[in-house]
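Asks: Pasting a structure below so you can have a look.
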Protein chains: 2
Amino acid sequence: MLAAERKLRIIELVKHQHVATVADLAKEFQVHEATIRRDLAEIEQEGLLKRTHGGVIVDKGANIEPSFSERVSDQLDQKARIGKEAASLIEDGDHVIIDSGTTTIHIARHLVSRKDITVVTNDINVAAELRDSPGINVIVTGGTLYHSSFMLNGMYTDTLLQSLHVQKAFIGTPAIHPIHGLTHPESQLVPTKQGMIRAAQEIIVVADDTKIGKVSLHTVAPISSIHTFITGSEASESQMKLFRDSGVHLITV
Amino acid sequence: MLAAERKLRIIELVKHQHVATVADLAKEFQVHEATIRRDLAEIEQEGLLKRTHGGVIVDKGANIEPSFSERVSDQLDQKARIGKEAASLIEDGDHVIIDSGTTTIHIARHLVSRKDITVVTNDINVAAELRDSPGINVIVTGGTLYHSSFMLNGMYTDTLLQSLHVQKAFIGTPAIHPIHGLTHPESQLVPTKQGMIRAAQEIIVVADDTKIGKVSLHTVAPISSIHTFITGSEASESQMKLFRDSGVHLITV
DNA sequence: GCAACTTACGTTCAGCTGCTAACAAGGATT
DNA sequence: AATCCTTGTTAGCAGCTGAACGTAAGTTGC
């Protein structure tokens with residue numbers, strides 16, 4: 001294994017587990033502890049993780065992927081507008097998938113007083129938002145809870161998604177690019193998003209303008225699989241044109 | 001366990017339980033009390049918790065992340081005691097089912113700082129309590145959200161439960177009777193509870209004393225299928241005797 | 001309200017574990 | 001062949017933990 005690859009995998013592993021010891025990592029990657037320490041020193045230098053005596057821990061302070069509570073408040077106004085617009089695309093009688101995320105939760109908030117809608121979600125926060133709505137039938141996918149989030153993924157999630165067919169799927173993403181499409185930094189979450197896309201006839205991506213143009217490690221879906229993209233009017237005209245030229249129905253709010 | 005990890009878990013634990021003693025924490029994390037005191041001194045320095053003589057409490061001044069749902073419920077004190085006792089029956093490495101309910105949620109609250117435990121639950125509130133616990137693997141059963149509750153049931157729940165096998169299941173109930181066993185007023189929820197009981201080797205029922213002697217419409221399980229019953233010491237001696245005579249291992253707290 | 005008692009706290013010290021830094025060995029590249 | 005880069009090894013150093021002990025803070029009995 002390449003040293004650079006090992007470093008990337010250390011970052012991903014620790015972000016998922018929140019903590020790891022030097023001894024654990026040395027055993028995991030079959031290298032000497034000194035090698036792991038050197039890797040960690042470099043990773044810390046880049047500000048991605050925080051070292052402690054005996055191991056490494058995710059850095060709450062200077063994290064590239066901000067913690068959940070931070071992300072919730074980020075771009076709040078834009079996300080609320082996107083959520084409202086997305087909810088307006090849902091018609092009475094529709095069966096829809098709502099992905100996990102800080103933008104998609106706003107879709108749920110705009111559905112609470114609607115009737116005769118079935119919502120499938122892998123986000124327990126979305127489910128909680130709709131629990132008091134008598135007109136909404138909520139189906140939670142089930143699966144393993146992703147640490148420090150409200151998201152379910154894994155085998156059980158994917159199995160259930162395979163047996164479902166809905167009209168529309170509303171997908172959130174941390175990175176969308178007019179050529180590279182949807183990408184995601186965490187490999188574990190990719191199959192779940194792909195399963196949602198497979199299960200729906202129409203794919204609607206929701207993301208605030210700060211996600212546009214970004215590319216992450218793992219490919220989720222090509223731009224051609226996206227029918228509609230809803231984002232804020234903060235997006236630049238040049239960015240918007242690139243998506244329109246790719247055949248995506250772009251809505252800005 | 002890493003020192004930094006222990007500190008984070010102490011913070012999590014105290015925020016969930018609102019208060020903890022030095023002795024409790026030392027026992028919980030298997031370290032000397034002096035170590036806990038040193039940790040607490042540092043945590044207080046960071047302004048996250050407030051020390052008192054003999055223990056630690058949450059600092060009212062500090063911004064506390066509000067609980068997923070702070071439900072005011074009856075018998076809060078008794079339910080908390082039952083939850084603590086139930087949690088103590090779970091051993092490291094165990095795979096357990098935690099049923100949905102206002103008593104079972106307290107079991108989850110006492111598990112937040114544990115490690116190497118897999119929790120299967122049909123309650124999205126239980127899942128939310130454990131989402132920040134790196135040592136707990138949380139599997140949500142999936143299914144349809146029961147209106148105005150946090151409970152999942154239905155076909156998907158039952159299917160997933162059929163493919164699982166765990167050591168212990170912690171079942172809540174609105175009615176338990178020494179002859180008629182567990183009963184429930186809602187027929188829809190019966191298959192889910194029965195599925196949980198089938199999936200576990202050991203059945204532990206948790207219920208406050210107000211549930212004792214009640215009988216509802218639908219039978220969930222006979223008294224013979226219950227191995228352990230945990231309730232509050234408020235239960236009368238005559239009630240307790242009837243359960244002991246039925247071969248149930250009765251624990252009162 | 002005071003004294004005696006109990007419990008908890010802070011500090012010091014020794015032992016252990018992990019860390020840093022310097023050096024050596026093995027490949028890969030030039 | 002020389003150089004650079006990465007990894008493993010070693011030795012001395014630093015940080016963490018548990019135990020011990022004197023001190024401080026509550027608690028109880030009078």
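The values are calculated or read from the model by the stated rules, or taken from the named source; none is laboratory data. What you see is a predicted model, and the numbers here were worked out from it, not measured in a lab. Positions of Cβ are generated from backbone atoms using ideal geometry, with glycine treated the same way; all protein chains shown enter the neighbour counts. Quick note on the areas: whole protein, heavy atoms, side chains included, nothing else; ligands and nucleic acids left out. Shrake-Rupley method; radii C 1.70, N 1.55, O 1.52, S 1.80 Å.
Asks: If each residue of separation counts as 0.36 nm, what is the full-extension length gain between A:HIS110 and A:GLU5 once their alpha-carbon separation is subtracted?
Replies: 33.5 nm
Asks: Starting from the Cα gyration tensor of the protein assembly as shown, take the square roots of the eigenvalues, sort them a ≥ b ≥ c, and report rounded, prolate or oblate (rounded when a/c is under 1.5, otherwise prolate if a/b is larger than b/c, else oblate).
Replies: Verdict is oblate for the protein assembly as shown.
Asks: Do any residues of region A:120-163 lose at least 50 Å² of accessible area when the full set of protein chains is present rather than just their chain alone, and if so which, with a 1.4 Å probe?
Replies: Residues passing the criterion (a loss of at least 50 Å², heavy atoms only) are A:ILE124, A:ARG131, A:VAL140, A:LEU145, A:HIS147, A:SER148, A:PHE150, A:TYR156.
Asks: Suppose each label sits 7 Å from its Cα in the direction of the beta carbon; what would the A:SER246-A:ASP77 distance come out to in nanometres?
Replies: Computed distance between label sites A:SER246 and A:ASP77 equals 2.8 nm.
Asks: Taking Rh as the Kirkwood radius computed over C-alpha pairs, what is the Stokes-Einstein D of region B:3-58 at 25 °C in a medium of viscosity 0.890 mPa s, expressed in µm² per second?
Replies: The Stokes-Einstein estimate is 229 µm²/s.
Asks: Over chain B, what relative contact order in percent results from Cα pairs under 8 Å that are six or more residues apart?
Replies: RCO, chain B: 15 percent.
Asks: So what J values fall out for region B:198-213 if you push phi through Karplus, 6.51 cos²θ - 1.76 cosθ + 1.60 with θ = phi - 60°, rounded to Hz, Gly and Pro as x?
Replies: Along region B:198-213, the couplings run 5, 7, 10, 7, 10, 9, 10, 9, 10, 6, 6, 5, 5, 8, 6, x Hz.
Asks: Next up: Computed on protein heavy atoms with a 1.4 Å probe, what is the summed buried accessible area for the chain pair B and A, in Å² to the nearest 100?
Replies: Counting both chains, the buried surface is close to 2700 Å².
Asks: Please report, as a whole percent, how much of the solvent-accessible surface of the protein assembly as shown comes from carbon and sulfur atoms (probe radius 1.4 Å).
Replies: About 52 percent, which is the carbon plus sulfur part of the accessible surface.
Asks: Holding the Cα-Cα limit at 24 Å, pick out from A:LYS15/A:LYS168; A:LYS27/B:LYS27; A:LYS50/B:LYS7; A:LYS115/A:LYS211; B:LYS50/B:LYS79 the pairs that are longer than that.
Replies: Beyond 24 Å: A:LYS15/A:LYS168; A:LYS27/B:LYS27; A:LYS115/A:LYS211; B:LYS50/B:LYS79.
Asks: Give a residue-ordered list of calculated ³J(HN,Hα) values for region B:33-42 (Karplus: 6.51 cos²θ - 1.76 cosθ + 1.60, θ = phi - 60°; whole Hz; x for Gly, Pro).
Replies: For region B:33-42, the Karplus-derived couplings read 4, 4, 5, 4, 4, 5, 4, 5, 4, 5 Hz, x marking Gly and Pro.
Asks: Under a Cβ-Cβ cut-off of 13 Å, what is the net charge of the residues other than A:ALA86 that fall near it, where Lys and Arg count +1 and Asp and Glu count -1?
Replies: Counting the neighbours of A:ALA86, the net charge comes to 0.
Asks: A further question on this structure: Do any GluC sites (Glu not before Pro) in region B:75-181 lie in a loop, going by DSSP, with at most 13 other beta-carbon atoms within 10 Å of their beta carbon, and if so which?
Replies: B:GLU91
Asks: Summing Lys, Arg as +1 and Asp, Glu as -1, what charge do residues with Cβ under 13 Å from the Cβ of B:ILE171 carry, B:ILE171 excluded?
Replies: +1
Asks: Which far-off residues, 5 or more places away or on another chain, put their amide H under 5 Å from the one on B:ASN137, with H placed in the peptide plane?
Replies: B:ILE117, B:THR118, B:VAL119
Asks: Once a ≥ b ≥ c are taken as the square roots of the eigenvalues of the Cα gyration tensor of chain A, is the result rounded (a/c under 1.5), prolate (a/b larger than b/c) or oblate (a/b not larger than b/c)?
Replies: Verdict is prolate for chain A.
Asks: How much accessible area per residue does the protein assembly as shown have, in Å², with a 1.4 Å probe?
Replies: The answer is 44 Å² per residue.
Asks: Next up: Give the average, rounded to an integer, of partner chain Cβ atoms located within 10 angstrom of each Cβ in B:6-19.
Replies: The mean count of partner-chain Cβ atoms within 10 Å per residue comes to 1.
Asks: Compute the label-point distances linking A:HIS53 to its equivalents in the other copies; points lie 7 Å from Cα along Cα→Cβ; give nm, one decimal, shortest first.
Replies: 3.0
Asks: Here is a follow-up. Amide H to amide H, which residues 5 or more places from B:VAL220 or on other chains are under 5 Å from it, using H placed in the peptide plane?
Replies: B:LEU182, B:THR183, B:HIS184
Asks: Can you give me the relative contact order of region A:149-253 as a percent, contacts being Cα pairs under 8 Å and 6 or more apart?
Replies: After rounding, I find 28 percent.
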